[in-house]
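Chemist: This structure is in structure tokens; I'll ask about it shortly.
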Amino acid sequence: MEKRTKENSHTVIMIGAGPAALSAAVYTTREDIETLLLEKGVPGGLAAVTDWVDNYPGFPDGLAGLELAGNLQKQAERFGAVIDFGEVTALHDEGEWKHLETTLGDLYARVVLVATGSDYKKLGIPGEAEYYARGVHYCATCDGAFYRDKRLVVVGGGNSAVQEAMFLTRFASHIDLMVRSRMRASDVLQKELQKFVDKGKITVHLATTTDEIIGDKDGKVVQVKGTDTKTGNEVKIDTDGVFVFVGLKPNSEFAGGQLETDELGLIKTDENLMSSMNGVFVAGDIRSHATMQIASAVGEGATAALKSANTSEGHVDVMEEV
């Protein structure tokens, strides 16, 4: 363990540099609070790799996810936020200071904001990565409107898959729901789903794996191949797009039991967005009960920054104390 020094001590460390953290950094740095963001991937998080964002307030024509992420980053950096690239592997409570083990070495902070987000679980099949954001999606509210009067495939049999499939009927002409084994959605949702089936809006394919996503020479998704596990026969479904809802993988491994999580691995917070560890706040998609929307992540980031202000009141003397 490295000893705490002036060089490795910070007033605020934010784990992640997605919309929640970047928004929070705007607020902390404008208050002259020294702030470091640690990002293991791309600043902007999932927003940066979203082709088009059509539901962010203030942009009536929508904007590219990469543009939104870039603007958030520029704004945070303009006020003095520092973004460094590294991964947090462990977090420890040492009272007034939080000790972070990272790939850059040991770091210390008075206040920590966890904004690591969640990643969509992937199918790991041919075509999934190749057509990401160009026919393969993981968010119906984000991308569903692009498929008005088109045919879609939805993969999954849980609550999210059923809810999103029903939501997508607002746009798509028809939905093929591919369920690997059996339906795992609640009885209430299954009864609601049956109404869409009866209307011919959704066709459910039980015991059907999703094996490959096929595109054409123009780079557009045109078909999904699967297997009927009961008969062993190949299944081919023509489609204009694929929405995958097989769960989320919270980026909370680093917490190592130090922060209380829910059954999904999302970090629990109180009404002030503080985790079970005093001085550690949580915002965005990694937070339990988050809405998984960019706009709400930005709002939570701002809220967490304001709520954490009292915790970091001693920021002026941080370096002198070392």
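The values are calculated or read from the model by the stated rules, or taken from the named source; none is laboratory data. In this text the structure is predicted, and so the values were computed from the model without any measurement. Virtual Cβ from ideal backbone geometry, glycine too; neighbours counted across all protein chains shown.
Chemist: State whether the residues of region 86-107 include one that is part of a strand (DSSP E or B), within 15 Å of Ala295 (Cα to Cα) and free of Cβ contacts under 8 Å to residues at least 24 places away in the same chain. Working first, answer last.
Modeler: From region 86-107, those part of a strand (DSSP E or B) are 88-94, 97-102, 105-107; that's our starting set.
When the remaining residues are screened for being within 15 Å of Ala295 (Cα to Cα), the result is none.
Checked against the condition, which is being part of a strand (DSSP E or B), within 15 Å of Ala295 (Cα to Cα) and free of Cβ contacts under 8 Å to residues at least 24 places away in the same chain, region 86-107 yields no hits at all.
Chemist: Name the single residue that is surrounded by the most Cβ atoms within 10 Å (Cβ to Cβ) among those in region 273-312 being modelled with pLDDT of 95 or more, closer than 14 Å to Leu113 by Cβ and polar (S, T, N, Q).
Modeler: Out of the qualifying residues, it is Ser275.
Chemist: Okay, next question. Taking the criterion of being touching a residue at least 60 places away in the same chain (Cβ under 8 Å), assigned to a loop (DSSP other than H, G, I, E, B) and either outside the structural domain of Gly156 (by TED's automatic domain parsing) or not basic (Lys, Arg) (or both), would at least one residue in region 59-77 satisfy it?
Modeler: No, the conditions are met nowhere in region 59-77.
Chemist: For Lys74, work out the one condition from (1) within 22 Å of Lys40 (Cβ to Cβ); (2) surrounded by 14 or more Cβ atoms within 10 Å (Cβ to Cβ); (3) modelled with pLDDT of 95 or more it doesn't fulfil.
Modeler: Unmet condition: (2).
Chemist: Moving on. Scanning region 261-272 for residues that are assigned to a loop (DSSP other than H, G, I, E, B) and polar (S, T, N, Q), which turns out surrounded by the fewest Cβ atoms within 10 Å (Cβ to Cβ)?
Modeler: First, pick out the residues of region 261-272 that are assigned to a loop (DSSP other than H, G, I, E, B): 262-266, 268-272.
When the remaining residues are screened for being polar (S, T, N, Q), the result is 269, 272.
On the way: Thr269: 25, Asn272: 13.
Step by step, filter region 261-272, then rank; the result is Asn272.
Chemist: Here is a further query. Which one is nearest to His137 (Cα to Cα), of the residues in region 200-231 that are among the hydroxyl-bearing types (Ser, Thr, Tyr) and in contact with a strand residue (DSSP E or B) (Cβ under 9 Å, 6 or more places away or on another chain)?
Modeler: By that ranking, first place goes to Thr210.
Chemist: If I filter region 132-154 down to residues being touching a strand residue (DSSP E or B) at 6+ places or on another chain (Cβ under 7 Å) and of a type in the set (Gly, Ala, Ser), which single residue comes out as nearest to Asn55 (Cα to Cα)?
Modeler: The residue in question is Ala140.
Chemist: Mind listing just one residue for me: the one in region 73-99 that is under 17 Å from Val282 (Cα atoms) and β-branched (Val, Ile, Thr) and, of those, farthest from the chain's Cα centre (by Cα)?
Modeler: Thr89
Chemist: Within region 234-248, track down each residue that is closer than 26 Å to Lys191 by Cα and part of a loop (DSSP other than H, G, I, E, B).
Modeler: First, the residues of region 234-248 that are closer than 26 Å to Lys191 by Cα: 235, 237, 239, 241-248.
Those that are closer than 26 Å to Lys191 by Cα and part of a loop (DSSP other than H, G, I, E, B): Thr239, Phe245, Val246, Gly247.
Chemist: Sticking with this structure for a sec: Examine region 45-58 for a residue that is among the aromatic types (Phe, Trp, Tyr), at pLDDT below 95 and not in a strand (DSSP E or B), and state whether such a residue exists. Full working, then the answer.
Modeler: Keep residues of region 45-58 that are among the aromatic types (Phe, Trp, Tyr), which gives 52, 56.
Now restrict to residues that are at pLDDT below 95: 52, 56.
Filter once more, keeping what is not in a strand (DSSP E or B): 56.
The answer is yes; a qualifying residue exists.
Chemist: Answer yes or no as to whether Val235 is touching a helix residue (DSSP H, G or I) at 6+ places or on another chain (Cβ under 9 Å), within 22 Å of Val153 (Cβ to Cβ) and among the β-branched types (Val, Ile, Thr). Before you say what the answer is, go through the steps one by one.
Modeler: On the way: touching a helix residue (DSSP H, G or I) at 6+ places or on another chain (Cβ under 9 Å): no; within 22 Å of Val153 (Cβ to Cβ): yes; among the β-branched types (Val, Ile, Thr): yes.
Criteria not met by Val235.
Chemist: Can you name the condition, by its number, that Gln258 falls short on among (1) outside any strand (DSSP E or B); (2) in contact with a Ser or Thr (Cβ under 7 Å, 6 or more places away or on another chain)?
Modeler: The failed condition is (2).
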